[in-house]
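Notes follow once the structure below has been shown.
The values are calculated or read from the model by the stated rules, or taken from the named source; none is laboratory data. Please read all numbers here as calculations on a predicted model, not as lab measurements. All Cβ positions, glycine included, derive from the backbone under ideal geometry; neighbour counts span all protein chains shown.
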Amino acid sequence: MKKTNVWRGLSMICSLLLTVSLLAGNILETYRTSVDAFVGTRSQMTVTETSDNEEDTWTYESEFKTAEEAYEGFKELAIRTSQETYALLKNENDALPLSSDAKITMFGVRSYAPVYGNTGGSVPDGKSTVEIFDAFAERGFQINPSMLAAYEAYFADKEWTTPQFGGGILPAYEEITSYNDPCELTLDELAELNPDYNKDYASYNDAAIVVVGRIGGEGGDGYYPGEAGRAEGVETVTGNILSLSNEEMALIEEAKANFDKVIVLVNATNQMEIANLQDDPDIDAILWIGFPGAYGFYGVADVLNGTVSPSAHLGDTFAKNSALAPAMQNYGNIPWENAGDFSETANVNSYLIEAEGIYTGYRYYETRYADIVMGNGGAEASAGTYANPDGTVATEDGIWDYSNEIIYPFGYGLSYTSFEQTLDSVEISGSKETATVTVTTTNTGDTAGKAVVQVYAQAPYTDYDRQYHVEKSAVQLMDFEKTETLEPGESQTITMQIDMANLASYDSENAQTYIVDPGDYYMAIGDDSHDALNNILAAQGYTTADGMTAEGNADKAYQWTWDGEVDADTFSVSKAGVEITNALSEGDYAMDINAFLPDTVTYLSRSDWDGTFPEIYSGLSAEGRLAELLGNDFIELSTDDDVSDLVFGDTTSDLTINDMKGADFDDPRWEELINKVTVQEFLDFASNAFHNIAAIPSIGLMQYAADDGPNGSDSHYLTEGSYHGVPYEDAADYDYATRVGPTPQNIAYSWNKELAYENGEITLGESTLVLNLPIMIGPGMNIHRHAYNSRGAEYYSEDPILTGYIGSAVIQGAQSKGTLVNIKHAAFNDQEINRSGIAVFMNEQKARELELRGLQQAFEANGKPASFVNDESMADSYTTGALGVMSSYNRIGAVASSANVGVQVQIMRGEWDFNGYNVTDFTGVALKAAPKESILAGTTAFCGMSISDDITYWSEEGLSGDRDILLAIKDNLHYLLYALANSAAMNGINSTTKSVDVMTWWRVTYMACIGVFAVGTAGSILLYGLGRRKRSRAKNNGSCCSKKQYVRK
Amino acid sequence: MKNRVEKNAYGVLLAALAALAGLIIYIYTSVTGYLASSAVNYLPFISTAAAVILMLAVVFMRGKISDLAADIIIFVAGVLILFGLYEFVLGRVSLAADVYFIPVNYPASEAEALHISIAGVVLYIVSDILLIVTAFMKRTEETE
């Protein structure tokens, strides 16, 4: 008791620990939802008393009532989806399928550790992942144990890593995760790992399967062409990292030397440059598998052994040398010359000038090919802009040859059976707005399989177009459908209603709206884009004598003529009845760099392919208004507007968000509800949107968690699952995630809208219902501009219709389950390099006809599958477009994407009638998101955890003098509340619903610590005081005169 | 005896210097770099400055004030240091959230501000630990 020094010290220790506990408590509660996501807890839940009408309470019904059902449901769909996402690129002499019990030898580091999914964003769940060798063995393949042992030895001391974002385990090894090195093992290295690696070749010789792969995912630095893209010592076939390295080729040569049958699996989502494999007669089969997901190698095995016939088609163009695409001329880090003049928080780094215009992917290759065939020029090519026959870069001026450029065209894909398609009829409506196309597909082979109906069109390229710089692709996808599984001899006829708005061209110079030229038009079917174009060329009278790569079939093309003047009326009004006119060609929100720096860029034109081939636009400096806009602080707030008529914080109404469940956007009660919300409540909501829907107490909106991403929840597990608000009884047994399917790009390659719809229902929709995540951030719908971006796997395709209709299907499926989707990213997130802050420039025609056309399909609920049209049960589908979107990190033109009024307001809110939730990417409330400008442009929330200190106006006081921003806040409240009221956020809600805090383990821990250390501090002080008092008394009594005596007492 | 008192005083002096260094870092990171344009929270400044003054008072007035008074002053100084630490950390949590959890290229100056701040926080903790150590050391009357 008298050891006062001990109590004194303990009091100090306890006070330190008390402080730490208070800090921990404060931080944990501030970031509660993130903590929940990270450690798998549920710190808040809603409690709803029973209602008279349960059906009204549970608007959206999960089909999974137990964790087991959920686990099995996600798994079943993942496997079934995967089977349709593998594109057979080569199959000589029916090398495939293999027998179900084939004895195979697997080559390549990726044959043991394939790329299951993205390295970041939409990552696969390592806990669920069934490894390639286990999946193959389970399906009956017998794998060469000696070769497998070598790879096992290599990975014996290595472990799977953790995802860059989200939680859990990523089924990937850090040691072989690289953008500039395939990390393949040499034969010598294999011999060191297992000297007998090759001893069983003879007994496992039904086939050699070589797996080659490249990683991809969010946040990657990306692939670079040429030497810059290769690590030291890495040499490749074309000189680019997307072709095969010497080490990979050595394995292929080893396989060819020892096996009669060599099959190559391409485990990459970036288009690989594999012309040498296509040309090699000793390579029997090539199967593109992309990123199959956690269970996807079951599907690969099912395709290899013929359980299912492959039915995927490429959604991107495979070039011999993708680095020669015109889009690649301006790619990567091209900094502003005066980037250093800007504050760091403005996030001004580089720019991207997309001088290729509309000519990305097949639009470039097929159009240049068509022009050469038609004698319109385009054959002459300057050194460095075209490919040699072997895919290397031509170093002298010469002739551009389609056959030297392309390996597999967009839409290409083989099957184990053969199909015959006939173009039965085409009817163009008198208003020009729709076309009805009927196609019959017959299985003419001897194996069951699914076929894809691809419908393309061609619009004329006229003198008007040349005069006003309107470009036309010689062929463009209009719509697609996938057949049912057709037995041999079986036929299916599909009738498609084609939206002809997608054939209109945007003329920013003269008409300043969409136009339709007079002239000859063509609609054609084809096995791929090149085949369809050849059919059109055949209908135009061209043959191989004109330079065509193959004869076309004119019967598969339909021609019609539109006479008269250029039609600038038919497609000048959107489906929402809003006039369409320039939004991105001039003014502050222009995307055309020429609007700021006149005559800077020449856009690629088919009127002079070689002369307008893009140059690299480097060394630009931003001055004047351009610099002001880049600063992201370009609209001054008023401080003295008359805002007396604007009502915030009204307390006279009893209306709550619960009352608005399912309400229309035009419901008059919204005004009454919104008047209850204070400015500060909106600001608090808007600034706490990192995987979170913040509460708005005045209207009874409860707080919810949200999560990324397009392929299922990145952070949550079935252990948190519930049905009707009651946790699964068997939850503890299912520590698995919902992100188990093949990557989104694979899904697009299925060309199956119904399957995409189902993926929306399950992958996003059931993630919402099972894990109580009203917002799922996805799908990703940016266009693939070229082959080298690292994040293509999370997006769908190079084509806006394939992207748009697959995305639309996913969204419709997800929204049928109440998911508030966040399409990402609006817009133009065209590369990961400098993605935060990069200023993306292009002309308005490109913007509208590629990226925005893809997004438009989702916002307008377009692309309804033909099979849904006459299905009564699907009558309610495709009636509401996407209700949520996430803007992009990049700038659109000069300003933050969320602040670009041209895209966010004029086009999205106006033309597309988008009335939903619009959140920034992970910016927080910071200058890089231009917060006040973004609120004015319809941003409803800022994903992030913080308010940057330099945003000094982020308060009720700071904004209350500006009428425009207060009105924008009211509009934004309307948008976000409407979206939430029509989502699963209202699921299980009735008038009794309230949220309650849950005593999670971390909450108990920090509270207990606070209690213990508070008591410890107080107790120590008390005992110190008592000790002093006793000693003082003792001293006064003279009984304490020695240390010894004192201690004894 | 004198040696023990001197050690005690040195401990408090070192604690004061550590707190002062932590405070300088707090001020530096608040008025320069990433946070230069943000409003400065003066509470850590006030509390830490007061703590340093109290600790220096104890050091330079040793022998002139009672052990009880010295204990109270040091305890109060410790509480003030912890309060400063609390405010300091809370003011930098958003930087840590940005730097460690936002998956994009945050400004380098933000990471710099955070990492320098971490050094400052460490100095605050060192200061408090030194006070804890001196608290466990016996005073004059406790060794009589």
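Return the total of residues in the range B:28-66 being among the small types (Gly, Ala, Ser), within 11 Å of chain A (Cβ to nearest Cβ) and not in a loop (DSSP other than H, G, I, E, B).
Residues meeting the conditions: 2.
For the range A:736-835, no helices (runs of 4 or more DSSP H) sit wholly inside it while including 1 or more residues that are free of Cβ contacts under 8 Å to residues at least 40 places away in the same chain, farther than 21 Å from A:Ile289 by Cβ and outside the structural domain of A:Val903 (by TED's automatic domain parsing). In the set (1) part of a strand (DSSP E or B); (2) within 14 Å of another protein chain (Cβ to nearest Cβ), the condition left unmet by A:Lys928 is number (1).
Residues in the range A:716-733 that are hydrophobic (A, V, I, L, M, F, W, C) and either surrounded by fewer than 20 Cβ atoms within 10 Å (Cβ to Cβ) or assigned to a strand (DSSP E or B) (or both): A:Val726, A:Ala731, A:Ala732. Scanning the range A:537-552 for residues that are free of Cβ contacts under 8 Å to residues at least 24 places away in the same chain, part of a loop (DSSP other than H, G, I, E, B) and over 37 Å from the mean Cα position of the chain (by Cα) returns A:Gly541, A:Thr543, A:Glu551.
Annotation note: Cβ proximity below 6 Å between a residue of the range A:841-870 that is over 20 Å from A:Val452 (Cα atoms) and a residue that is of a type in the set (D, E, K, R) (sequence gap 6+ or interchain) occurs for A:Met842/A:Glu354; A:Asn843/A:Asp592; A:Glu860/A:Lys575. Only one of the numbered conditions (1) in a helix (DSSP H, G or I); (2) of a type in the set (A, V, I, L, M, F, W, C); (3) more than 30 Å from A:Asp708 (Cα to Cα); (4) in contact (Cβ under 8 Å) with a residue 12 or more places away in the chain is violated by A:Leu89, and that is (1). Give me the residue from the range A:648-690 that is surrounded by 15 or more Cβ atoms within 10 Å (Cβ to Cβ), among the β-branched types (Val, Ile, Thr) and over 34 Å from the mean Cα position of the chain (by Cα) and, out of that set, nearest to A:Thr46 (Cα to Cα). That would be A:Thr656. Among all residues of the range A:880-888, there is at least one that is closer than 30 Å to A:Val475 by Cα, in a loop (DSSP other than H, G, I, E, B) and within 14 Å of chain B (Cβ to nearest Cβ).
State which residue is farthest from A:Leu655 (Cα to Cα) when the search covers only the range A:987-1025 and only residues that are among the aliphatic types (A, V, I, L, M) and within 37 Å of the chain's Cα centre (by Cα). The extreme case among them is A:Met999. Residue count for the range B:32-61 satisfying the condition of being of a type outside the set (Gly, Ala, Ser), crowded, with 16+ Cβ neighbours inside 10 Å and more than 20 Å from B:Leu85 (Cβ to Cβ): 2. Looking at A:Ala150, A:Ala207, just one residue is touching a helix residue (DSSP H, G or I) at 6+ places or on another chain (Cβ under 7 Å), touching a residue at least 12 places away in the same chain (Cβ under 8 Å) and either within 14 Å of chain B (Cβ to nearest Cβ) or crowded, with 18+ Cβ neighbours inside 10 Å (or both), and that residue is A:Ala150. In this structure, does A:Lys864 turn out to be modelled with pLDDT of 95 or more, buried (at least 24 other Cβ atoms within 10 Å of the Cβ) and of a type in the set (Lys, Arg)? So A:Lys864 fails the test. Only one entry of A:Tyr514, A:Tyr558 meets the criterion of being over 30 Å from A:Gly413 (Cβ atoms) and either surrounded by 17 or more Cβ atoms within 10 Å (Cβ to Cβ) or among the aliphatic types (A, V, I, L, M) (or both), and that entry is A:Tyr514.
Please verify whether the range A:42-58 includes one or more residues that are part of a helix (DSSP H, G or I), in contact with a Gly (Cβ under 7 Å, 6 or more places away or on another chain) and within 11 Å of chain B (Cβ to nearest Cβ). I'd like the intermediate steps shown before the answer.
At the first step, the residues of the range A:42-58 found to be part of a helix (DSSP H, G or I) are A:54-57.
Narrowing further to those that are in contact with a Gly (Cβ under 7 Å, 6 or more places away or on another chain): A:57.
Filter again for within 11 Å of chain B (Cβ to nearest Cβ), leaving none.
No.
Taking the criterion of being assigned to a helix (DSSP H, G or I) and crowded, with 24+ Cβ neighbours inside 10 Å, the residues of the range A:889-910 that qualify are A:Ser897, A:Ser898, A:Ala899, A:Gly902, A:Val903, A:Gln904, A:Ile907, A:Met908. Of the residues A:Glu380, A:Glu337, A:Glu344, the single one that is surrounded by fewer than 24 Cβ atoms within 10 Å (Cβ to Cβ) and without any contact (Cβ under 8 Å) to a residue 60 or more places away in the chain is A:Glu344. Tallying residues that are assigned to a strand (DSSP E or B), under 33 Å from the mean Cα position of the chain (by Cα) and more than 19 Å from A:Ala285 (Cα to Cα) within the range A:394-427 yields 2.
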